[in-house]
Each structure stands twice: as structure tokens, then as C-alpha cells.
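Comments concern the structure below.
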Amino acid sequence: MRYVDEFRDPARARALLQRIHDRARRPVQLMEFCGTHTHAMFRHGIRQLLPPSITMLSGPGCPVCVTSAADLDRAIALASLPGVTLATFGDMLRVPGSRGSLQTARAAGADVRVIYSSLDALEIARREPAQTVVLLGVGFETTAPTMAAALLQAEKEGLENLRLYSLHKLTPPAMAAILRSGEVALDGILAPGHVSAIIGSSAWEFVARDFALPCTVAGFEPLDTLQGIADLVEQCEAGIAQVHNTYGRGVRAAGNPAAQALLAKVFEVSEAEWRGLGRVPASGLALCGRFRRFDATPLLEGHSLEPAEAREPAGCRCGEVLRGVLDPTRCPLFGRVCTPDQPVGPCMVSSEGSCAAHYRYGEAR
Amino acid sequence: MSDTILLAHGSGGQLSHDLVAEVFAASFTNPILARLEDSAMLADLGGGRLAFTTDSYVVRPLFFPGGDIGRLAVCGTINDLAMSGAQPRYLSAAFVIEEGLPIADLRRIARSMAEMAREAGVAIVTGDTKVVERGHGDGCFITTAGIGVIPAGVDISAANARPGDAVLVSGTVGDHGMAIMSQREGLRFEAEIASDVAPLHTLVQAMLEVCPEVHCLRDPTRGGLATTLNELATQSGVEIIVEEARIPVRPAVQSLCELLGIDPLYVANEGKLVAIVPEAAAGQVLAAMKAHPLGREAAIIGQVRSGRAGRVSLRTTLGAHRILDMMVGELLPRIC
Ligand code: SF4
């Protein structure tokens, strides 16, 4: 089990934990931006091995969770149009919109298909030329390039029946919005490895420069995560606020130029609506230039399907959870009304949601 | 005969007869099927209790590294029988075929089923075919049912786990699900991941020879090892604790899982079993498993405790404890 040994070696983990225990003298609150970090830490039991002086708060880094109810309502409306097939990642299926989810829409006759990569949507479009295939573009800087690649391929093949409904979001602006609001006191940011592999660790410089906080890029294996936390604790103790990259095997300062070029070719930066954060300027990706013809939004014009007003699920406090203000277990619905089987809000649906992580890995159970 | 399946192949007329004769009867040759009666007439099965099971198989792609839907359909039903300790004897096979499927593919599936059945010593004695319109099926769906005989003295049930029992797994977990996923995602890896699809009845036989009082057997298919352990803990009213570090996972499976954010403990297997046996017999059962080609990488992964009924806990590689829950929702592709 070479891979496991290398990044999960219990002896090295113990050494890192010891280092964290030794250095952590004063209480610190750190935020892991990314839901993948949240889940990995629960899965390996890292939270219970950290000293009590370290509090880890989960951030808004769950693409499914931050999709707003209004955007989801529009996706459901698109799926319900005659002649439209909506292709989506499975995670989105059960997320509640104002009135039902894609899953309930599917049961009511909408053509919703689960895909595992953007290429699956291309395949559907090729096989069923009479259908308009709408690819539901949800995800951060990691997913968006695969969508861009699918559109380039569609263009090359002259596929006329593929559309993209882009709800793609950019992570640094959301982090900035949280820090600017000052709603939670933070001492450091654990930045996501996968996203940083695309945008580069330098994309997080603003955290140190504008907010005087340490920010460390870390991978998702247990040792990677522990290393990131150790680095943040050491920066806090030494009074340093810099951007460090402890995930050297995956992330370079400048990121992945090819993926960035792909994004710049197909998308332009736009305003986006985030569940929990509201409208955040320059935090989304919209199709640009000649790729605008792939935009699915115009399909909704002339159809009175647009719901009057988007509503959040009653009683759900995902917004606060996503800002790190509320611990999921303190939501009155958590575990009683809201469980992964019967989710009330998106944070309980997604495999990256922090309510799901708290529930699944047995905290407070 | 045409090269692809037409709707007329399902009409019950000449084409249907040709299809059955040339593709299925030709592959599954045995005297019971050869009579082509409405029901198969089985020989007296001798004493012992009968085990009877059925399952439907849906998988995309139909052919994958390590197997195909036909092999899956035969092994899956054999394994369901084997998990009750039964010796599998007869299978049925019903096909729902999508219009347009190349006949060559169907032939390949039938041959693979026949080969698997022969190898496993079971006969496919009755069957059916239906054809659905293009766009109404993923190429081919197969439903198999099976009959087996449980030897006297064997009493295996998911409700039989007792505090103190040892928990064993017959080999690496997650191979089948990740083999399918790597095909679907078009992810190319240096080491190709092959499905583990295999019939487990001879492995079970070898285990029962050294320990007739095996308490529980189950094959961790959909939902993976984690879900199976939860079922066993719930049905037996016990707590199960397992050690993450002792659960065998192939490195290629592990790294693909990491890449896709999937926990291998929730990924489907088609040629692995979980056994719960009295602690005193654990060493012997493990040795018997390791001596069998399908159990070479078997391991003792945990223990049954009185604790909280229905709970499965995992000691992580880092030494922390957490709950290992059932799988919820449909995060993984349909695989069987
Ligand atoms: S526990 Fe459920 S209802 Fe409460 S915030 Fe989380 S997802 Fe929303």
C-alpha cells in the first residue's frame, strides 16, 4: 500500500501532531475554505487529534452548497422545458430549490441525467441530436476547465445542441467577502490544494497583504492537511502573515497556465450569487465572446417558468454554516429533521457539505 | 440473421426463435435447457434446504476490464447463494435488450456467461428475452435467479454475529466499482484497474471445511464494505469495530479514489466477501482463505463487540475513532 504509506504514515502523523501540540500556545481559529478539507479531516479523525486550543471552522468551499436557491430554480425550470435534457453531476440532484429539487423535477417528467464528467454530456448531445442538452456547470476553478474543454470540443465537432448553464464560481473573491465582513474572528486560512493547482498559490496573496492573516495551501491527504495546520500554527505563534505552500507536489505559485488560458478563452469574470454570501462581484464565470452562443440562459426567455421569488428551505441555516458563523450541530434541525437521507438544506446533501460531514462522521451522535 | 438487434427479435416470431437458438441455447448447452420447455425440469436436488435468489444487472459499459455484464450476472447470483452457504446448482437468465445492440456483443455476453457457469459448475436452465426500443435501455439488462442446496449443519445468517467474533474480508476492496468508474470517466492510469468479479462458492466451501460454524457471510456489492458492515451490525444487534490500516486496498484503487474524492470503503465489490466467525476459529479460517486463489489477500479487519447495537466504528490510520456510516444517496454510478 505504497500510496497510503507515503501520505498517511501514522509515525509521521504523530510527529506532526506533536509539533502542533508543542507550538500551539494560544487559542487560534482557522478556517478551511474547502469542503474537501472538511471531509478529509473528519474521515481521518484529525479534528479529535488536534489540541483543544485549535478551532477549525468550515468555509464556503462546497460548490453544491453555495449554489443559490434562485439559480437552482432556474436550473429546474431549464430541465422542465420541452425538448431539453439537463446533464448534471449527481451531487446536485437532491439539493432543494424553492419548490422541490432536480430529483423531484425528474420524477415529475423532466429529463435530468446524471453525468460523471462533462464529456458524458457531449456524448448525450451526439447521440440525441433532436434534444437540447444543457450542461449544468457547477463547480470552482477545478471543474470549470473541463466544461470549457467540452465546449471547445462541441465547437470543433459542430455540435449545435449543447448548452452550458454556467454557475461556476471563483474561490478567492468568496474568501475575501468573508474576511471583509469580519463576522468571524479568524487567525489563519487553510487554502485548498486542488483549486490552487489551477489558480496558483499566489492567488491567495491578498489574504496576507490585505487582511494580515497567514494562509497556507495544503493537500487533502492526512499528512498534507496536518502539515498545513502546523504551518498556520507556527505562523500564528511567530506573528507572521504570509502565503505558504505546503503542497509542493501539486501546486506552483503561478498555477496551471494551460487551464487558466482555457478558462480565459471561454469565460469572463462576472458577478455571482452565493448562498450565504449573496451577490459577490467578480466571483463567477460567464461565457464570453463566440462561446456566448452556448449559453443556456436564453432558453428560459419567453417561458413563464421563472419562479416568482426564490426561497431558502424553511429553518435551514446553511447560509450561516457556509460563512463559518454557525457550527452545523447547533442548527436546530441538525440530525433531528435534517439528515443525509432527508436533507433540508444543501450542506446536508453534498458529499462536501459540512453538515453532512458532522452528521456522517458521528459528531454529536 | 441481421447484425444488430431489431424490435422484431422480441416479437416472439421466427427472429426470436433464431436469436434464442443461435445465441443463447448454443452457448448455454445443457440437456435441461435443450428441451426448450416453458419451465426447466430439475433433477431431484437431494436432501438439504434449498436456497433461492434473484438479482438484476445493469452496468455501463457492458464490457469492462476484468469482466462484462454476463460474467457479473452469473457471479452475482452464485455469490448470493454462496453467502447462505449453499452450493449453487441452477440459474435462470432473462435479457432485456435494447434495439440496435450488435448481435456480436450479445454473443460475447452469452459466451462469457456460459464459460463462467461451466467454470463454476452451475447450469443455466431457463431464460427469456425481450427487446425494447432504442433509447429505452442501456444496451442490455440481465436478470438471473439461482437455486442452490445448503448442506446440513450450516447455519449462516446476517443476524448471527456475536460479541467477540472476528471480522474478516477476503481481499482488496473497491476494485469493481473503480474499474467501472475509470472506464466511464475515461481516466487512464498506468496500472489498469480490473474488476474483481468472481464466483465465491468454492472459497466459502473451503472456509466451511475448517469452520462449519461460520456465523455471517455477505458479499459487499453496492454500498461497499461500509454498508455491509452496517447491515451485519444492525441485523445482529451488535457493534462492529474495524481498523482502517488492516483493510486491504490496492494502491491504484486508492489513488483513483483520492482523485475522485471517493472512499473505497463505499465502493462496490463483485468478488469479495465479509465473514464473521467465532474468534477461536479466526486464524484457521484466515489460513484457509489465504490458501484459496480468491482469498490470497484476506485479512482480519476487526471485531464484534456488545457496545451500541447497529453501530460500526472505524479506527483510522492516524489512530482516531469515528463512525463508519451506511452509504446514502446515489453518489456512485449504477453498477449492478
Ligand atoms: S443541518 Fe440541515 S437545515 Fe441545518 S443548516 Fe445544515 S443543511 Fe441546513
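The values are calculated or read from the model by the stated rules, or taken from the named source; none is laboratory data. A quick note: this is a predicted structure, and the numbers were derived from the prediction, not measured. Note that we place each Cβ from the backbone using ideal geometry, even for glycine, and neighbour counts take in every protein chain shown.
Brief remarks follow.
- Selection status of A:Pro60, crowded, with 24+ Cβ neighbours inside 10 Å and away from chain B (no Cβ under 14 Å): yes
- From B:Val249, B:Val267, B:Val242, residue being under 30 Å from B:Cys140 (Cα atoms) and touching a helix residue (DSSP H, G or I) at 6+ places or on another chain (Cβ under 8 Å): B:Val267
- Against the test of being away from chain B (no Cβ under 14 Å), of a type in the set (Asp, Glu), without any contact (Cβ under 8 Å) to a residue 60 or more places away in the chain and surrounded by fewer than 22 Cβ atoms within 10 Å (Cβ to Cβ), the options A:Glu123, A:Glu160 yield a single qualifying residue, A:Glu160.
- Filter result (in contact (Cβ under 8 Å) with a residue 40 or more places away in the chain, more than 9 Å from the ligand (Cβ to nearest atom), in a helix (DSSP H, G or I) and not hydroxyl-bearing (Ser, Thr, Tyr)) within region A:297-321: A:Leu299, A:Leu300
- In this structure, B:Ala233 qualifies as within 14 Å of chain A (Cβ to nearest Cβ), crowded, with 24+ Cβ neighbours inside 10 Å and farther than 30 Å from A:Thr143 by Cα.
- For A:Cys288, the test of being over 22 Å from the mean Cα position of the chain (by Cα), surrounded by 19 or more Cβ atoms within 10 Å (Cβ to Cβ) and more than 16 Å from the ligand (Cβ to nearest atom) is failed.
- Restricting attention to region A:331-365, the residues that are of a type in the set (A, V, I, L, M, F, W, C), more than 7 Å from the ligand (Cβ to nearest atom), buried (at least 18 other Cβ atoms within 10 Å of the Cβ) and assigned to a loop (DSSP other than H, G, I, E, B) total 0.
- Looking at A:Val217, A:Val207, just one residue is assigned to a strand (DSSP E or B), closer than 23 Å to A:Phe140 by Cα and β-branched (Val, Ile, Thr), and that residue is A:Val217.
- Of the helices (runs of 4 or more DSSP H) entirely within region A:33-75, those holding at least 1 residues that are under 16 Å from the mean Cα position of the chain (by Cα) occupy A:35-43, A:63-66.
- When residues of region A:89-108 are limited to those that are surrounded by 22 or more Cβ atoms within 10 Å (Cβ to Cβ) and more than 14 Å from every other protein chain (Cβ to nearest Cβ), the one nearest to A:Pro313 (Cα to Cα): A:Gly97
Residue by residue, here is whether (1) farther than 17 Å from B:Val285 by Cα; (2) over 18 Å from the mean Cα position of the chain (by Cα); (3) free of Cβ contacts under 8 Å to residues at least 12 places away in the same chain holds:
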position: B:Thr202; (1), (2), (3): no, no, no
position: B:Glu209; (1), (2), (3): no, yes, no
position: B:Asp219; (1), (2), (3): no, no, no
position: B:Gly223; (1), (2), (3): yes, no, no
position: B:Thr228; (1), (2), (3): yes, no, no
position: B:Ser236; (1), (2), (3): yes, yes, no
position: B:Ile240; (1), (2), (3): yes, yes, no
position: B:Glu244; (1), (2), (3): yes, yes, no
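- A:Val251 vs. criteria modelled with pLDDT under 95 and of a type in the set (Val, Ile, Thr): yes
- Evaluated against (1) out of contact with any Asp or Glu (no Cβ under 9 Å at 6 or more places or on another chain); (2) of a type in the set (Val, Ile, Thr); (3) outside the structural domain of A:Val133 (by TED's automatic domain parsing), A:Thr297 falls short on exactly one condition, (3).
- Subset of region B:261-274 [over 20 Å from the mean Cα position of the chain (by Cα) and either buried (at least 20 other Cβ atoms within 10 Å of the Cβ) or more than 9 Å from chain A (Cβ to nearest Cβ) (or both)]: B:Ile262
- Selection of region A:28-57 for residues being within 12 Å of another protein chain (Cβ to nearest Cβ), among the hydrophobic types (A, V, I, L, M, F, W, C) and touching a strand residue (DSSP E or B) at 6+ places or on another chain (Cβ under 8 Å) yields A:Cys34, A:Met41, A:Phe42, A:Leu50.
- Among the residues listed as B:Val122, B:Val154, B:Val197, B:Val173, the single one being under 20 Å from the mean Cα position of the chain (by Cα), away from chain A (no Cβ under 14 Å) and closer than 30 Å to B:Asn230 by Cα: B:Val197
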